[in-house]
Amino acid sequence: MSSMTPAQWVQDELLAGRNTQPALEQASAYAPANIALSKYWGKREKSFNLPITGSLSVSLADHGTQTQLQIIDAPEHQVYLNGELQGADTAFVKKLDTWLGLFMPADTHLRIDTHNTVPTAAGLASSASGFGAMALACNELFGWQLDYTSLSTIARLGSGSASRSLWHGFVKWQAGEADNGHDSVAYVLPERWPKLRVGILTVSSASKAVSSREGMQRTVQTSELFKQWPAQANSDLAIIEQAIMDADFSLLGKTAEHNAMSMHATMIGAWPPLVYWQAESVAAMQQVWTLRQQGVEVYLTMDAGPNLKLLFEEHNTALVKQVFSDLDVIQPFSSAKQNS
Ligand code: DP6
């Protein structure tokens with residue numbers, strides 16, 4: 001346990017010597033959503049969202065969150081999600097309030113307009129791009145001039161996976177060892193993979209019964225299978241990093257799929273069991289494996305929800321779309337998006 005609270009750490013260490021009041025009236029920022037190829041599953045400390053292992057993701061280009069902040073003369077923050085005012089007692093607003101309370105002067109309030117550019121049904125409009133965009137926009141609003149790796153720590157305090165949502169491209173979040181998480185930071189990898197494709201396969205738009213936050217806690221506390229997880233997660237992370245450096249797609253895809261399936265095995269071994277899959281998810285998995293048997297290199301990954309994310313390369317796009325006609329195909333390294 002750290003002797004400091006997250007708010008003390010942010011104010012006394014991360015932001016030491018920087019503006020404590022907003023420098024501008026308004027600011028805006030965009031952050032992409034991200035899909036972990038090697039997952040973050042399990043915390044060593046809850047209040048700072050510190051992970052047991054590192055993780056590595058690829059960002060989803062134009063699928064993400066655009067957020068605008070404006071100082072307002074009002075008794076509380078006003079939060080709009082996709083144009084709709086959100087009630088102060090919703091989980092979304094409470095989470096934002098708590099996060100803003102880490103550094104925002106108590107008498108300063110914002111109008112927050114947040115737009116997800118991801119179809120909400122895909123379950124990708126996660127807190128990751130939301131807190132990523134908030135961290136970037138607050139950096140502008142206050143004029144902190146923090147580098148992105150430092151900003152990743154503040155995004156992490158909103159949601160762990162948000163630490164990986166500040167950049168385009170491949171992003172690694174290292175676990176770190178410190179109690180206050182100063183070394184639990186993310187950074188972008190220099191490698192680009194223009195032919196890589198991520199396909200979002202929405203099989204169900206039903207909202208999650210159990211959030212990732214709650215699900216990972218239940219898994220750590222009750223799943224015997226979780227004991228195996230940290231060693232595999234660390235090894236998968238190293239293999240995926242190497243596969244990216246070697247541009248070895250088979251190794252990347254295979255390791256990412258194995259990692260996701262093993263994470264789901266730890267969830268299924270929790271009590272009560274956590275099964276995020278729907279019948280349609282399993283049917284789609286079978287289709288992916290059939291396609292692979294037919295020689296089309298396509299792999300799958302899944303998070304705490306029923307939808308699949310497919311990994312393949314540009315030359316297989318038409319073959320993959322023949323089977324999955326509704327697939328939303330993302331080009332993570334489309335030329336306009338730089339990974340820095
Ligand atoms: C399965 O980042 O949503 O998507 O830190 O509690 O906010 P909190 O959890 P969150 O968990 C994401 C879990 C995951 C895997 C991943 O993105 O690495």
Next item on the list: Read through the list (1) in a strand (DSSP E or B); (2) open to solvent by less than 10 Å² (accessible area, probe 1.4 Å), then give the number of the only condition that ARG44 fails.
Entry: (2)
Check: Looking at the stretch 187-197, is at least one residue of a type in the set (Val, Ile, Thr), away from the ligand (no atom under 11 Å from the Cβ), outside any strand (DSSP E or B) and open to solvent by less than 50 Å² (accessible area, probe 1.4 Å)?
Finding: no
Next item on the list: Determine, yes or no, whether PHE103 is under 30 Å from ASN259 (Cα atoms), touching a residue at least 60 places away in the same chain (Cβ under 8 Å) and among the aromatic types (Phe, Trp, Tyr).
Entry: no
Item checked: Checklist (1) open to solvent by 10 Å² or more (accessible area, probe 1.4 Å); (2) within 16 Å of the ligand (Cβ to nearest atom); (3) under 17 Å from ASP303 (Cβ atoms); (4) hydroxyl-bearing (Ser, Thr, Tyr) applied to SER205, failing item -> (2)
Next item on the list: Tally the residues that are surrounded by 15 or more Cβ atoms within 10 Å (Cβ to Cβ) and part of a loop (DSSP other than H, G, I, E, B), restricting the search to the stretch 19-36.
Entry: 1
Next item on the list: Answer yes if at least one residue in the stretch 256-278 is assigned to a helix (DSSP H, G or I), under 30 Å from LEU157 (Cβ atoms) and away from the ligand (no atom under 16 Å from the Cβ), and no otherwise.
Entry: no
Next item on the list: Working only within the stretch 71-90, note down all residues that are outside any loop (DSSP other than H, G, I, E, B) and either open to solvent by less than 80 Å² (accessible area, probe 1.4 Å) or touching a His at 6+ places or on another chain (Cβ under 8 Å) (or both).
Entry: ILE71, ILE72, GLN78, VAL79, TYR80, LEU81
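Residues are listed down the side, and each one gets a yes or a no for (1) within 19 Å of the chain's Cα centre (by Cα); (2) of a type in the set (Lys, Arg); (3) assigned by TED's automatic domain parsing to the domain that holds THR219:
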position: LYS254; (1), (2), (3): no, yes, yes
position: MET261; (1), (2), (3): yes, no, yes
position: ARG292; (1), (2), (3): no, yes, yes
position: GLU297; (1), (2), (3): no, no, yes
position: GLY305; (1), (2), (3): yes, no, yes
position: LEU311; (1), (2), (3): yes, no, yes
position: THR317; (1), (2), (3): no, no, yes
Margin query: For the stretch 256-275, give me each residue that is within 24 Å of ARG197 (Cα to Cα) and either modelled with pLDDT under 95 or open to solvent by 10 Å² or more (accessible area, probe 1.4 Å) (or both).
Written below: GLU257, HIS258, MET261, SER262
Next item on the list: Taking ALA231 as meeting all but one of (1) on the phi > 0 side of the Ramachandran plot; (2) free of Cβ contacts under 8 Å to residues at least 12 places away in the same chain, write down the number of the exception.
Entry: (1)
Next item on the list: Check THR53 against each of (1) of a type outside the set (D, E, K, R); (2) within 16 Å of the ligand (Cβ to nearest atom); (3) open to solvent by 10 Å² or more (accessible area, probe 1.4 Å); (4) part of a loop (DSSP other than H, G, I, E, B) and name the one condition it does not meet.
Entry: (3)
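The values are calculated or read from the model by the stated rules, or taken from the named source; none is laboratory data. Because the structure is predicted, anything quoted here is derived from the model rather than measured. Cβ coordinates were reconstructed from backbone atoms using ideal geometry, including for glycine residues, and neighbour counts include every protein chain displayed. Calculation scope for accessible area: heavy atoms of the full protein, side chains included, ligands and nucleic acids excluded. Shrake-Rupley method; radii C 1.70, N 1.55, O 1.52, S 1.80 Å.
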